[in-house]
Amino acid sequence: MARTPSNMLALGTKAPNFRLYDTASHRMLTLAELKGKAGTVVMFICNHCPFVIHVNDQLVKTANAYQAKGIQFIAISSNDVINYPQDGPEKMIEQVKKLNYPFPYLYDETQQVAKSYDAACTPDLYLFNENLELVYRGQLDGSRPGNDIPVTGEDLHYAMDCLLSGKENDRSQMPSIGCNIKWKVSN
């Protein structure tokens with residue numbers, strides 16, 4: 001199991017726009033259409049990564065709780081599906097149904113969106129304010145497969161609570177750790 005850290009995009013960075021295929025609605029959706037009123041969480045995840053599997057239930061709970069407060073969640077899978085077919089759109093929709101994802105699960109076939117966000121691993125999480133400026137990036141919490149720390153979503157929850165209350169996030173932002181994004185090999 002590779003342990004790749006997030007690249008920690010600079011705070012204040014404007015969210016790169018995108019137009020991606022949504023596996024649930026079978027439509028092309030844009031960031032502008034999906035962004036939340038109070039904020040937006042963009043998550044790079046995939047189906048097979050043990051780090052994502054470890055936090056999936058908490059991602060669903062967190063999204064259900066905070067979408068009601070105006071923070072939209074968007075999941076994106078950017079993995080190379082030639083070498084990792086379990087991360088392709090057909091399997092993504094199975095994941096949406098199985099886990100009851102309350103957020104769109106978008107397919108980044110060209111991997112350009114992952115590159116524009118400087119995403120490195122799954123899960124890689126970004127929280128943007130209402131103006132789509134980056135206010136948090138990094139881990140969901142300190143839990144990892146096998147470290148016996150409970151999955152709580154504490155780090156992301158704190159960042160979203162700060163955003164919603166207008167308070168500055170004074171905590172250190174720790175990189176996420178996960179499987180590296182499976183980049184396509186160029187010929």
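Quick notes on this one:
- Each 5 Å bin from 0 upward holds the following percent of the Cα-Cα pairs of the chain: 1, 8, 18, 23, 23, 16, 7, 2, 0, 0.
- With K and R counted +1 and D and E -1, the other residues having a Cβ less than 12 Å from that of Val96 yield a net charge of 0.
- Measuring spread by the Cα atoms of region 106-170 yields a radius of gyration and Dmax of 13.8, 37 Å.
- Here's the picture: charge each Lys and Arg Cβ at +1 and each Asp and Glu Cβ at -1 in the chain, and of Leu156, Gly138, Leu125 the one pushed furthest to the positive end of that dipole is Leu125.
- Mean ellipticity per residue at 222 nm, deg cm²/dmol - from DSSP H runs of n ≥ 4 across the chain, formula -39500 (n - 2.57): -8000 deg cm²/dmol
- Contact order relative to length of region 4-180, as percent, for alpha carbon pairs under 8 angstrom and 6 or more apart: 32 percent
- The residue list His48, Gln86, Ser165 was ranked by how far each Cα lies along the charge dipole of region 4-180 toward its positive end, using unit charges on Cβ atoms, and Ser165 comes out on top.
- DSSP-loop trypsin sites (Lys or Arg not before Pro) across region 1-57, with at most 13 other Cβ within 10 angstrom: Arg3, Lys37
- Amide H contacts for Val135 (H built 1.01 Å from N in the peptide plane; partners 5 or more residues away or on another chain; cut-off under 5 Å): Gly12, Leu127, Phe128, Asn129.
- In summary, region 1-97 shows an alpha-carbon radius of gyration equal to 1.13 times the 2.2 N^0.38 Å reference for compact globular proteins.
- Of the peptides 62-68, 139-145, the order by per-residue mean of other Cβ atoms within 10 Å, starting with the highest, comes out as 139-145, 62-68.
- Region 134-175 - Rg over Rh from alpha carbon coordinates, Kirkwood radius: 1.01
- Shape of region 80-121, Cα gyration tensor, a/c cut at 1.5: oblate
- Rounded to the nearest 20 debye, dipole of the chain from Cβ charges on Lys, Arg, Asp, Glu: 220 debye
- Region 49-94: equivalent-ellipsoid semi-axes (sqrt of 5 x gyration tensor eigenvalues, Cα, Å): 25, 12, 8
- When the Gaussian network model of the chain links Cα atoms closer than 10 Å, the mean-square fluctuations of Tyr21, Tyr84, Tyr107 top out at Tyr84.
- Equivalent ellipsoid semi-axes - Cα gyration tensor, region 60-136, angstrom: 22, 18, 9
Rule-based calculations on the coordinates, nothing more; no lab input. As the structure is a prediction and not an experimental result, all values here were calculated from the model. Quick reminder, even Gly has a Cβ in these numbers, built from the backbone with ideal geometry, and neighbours come from all protein chains shown.
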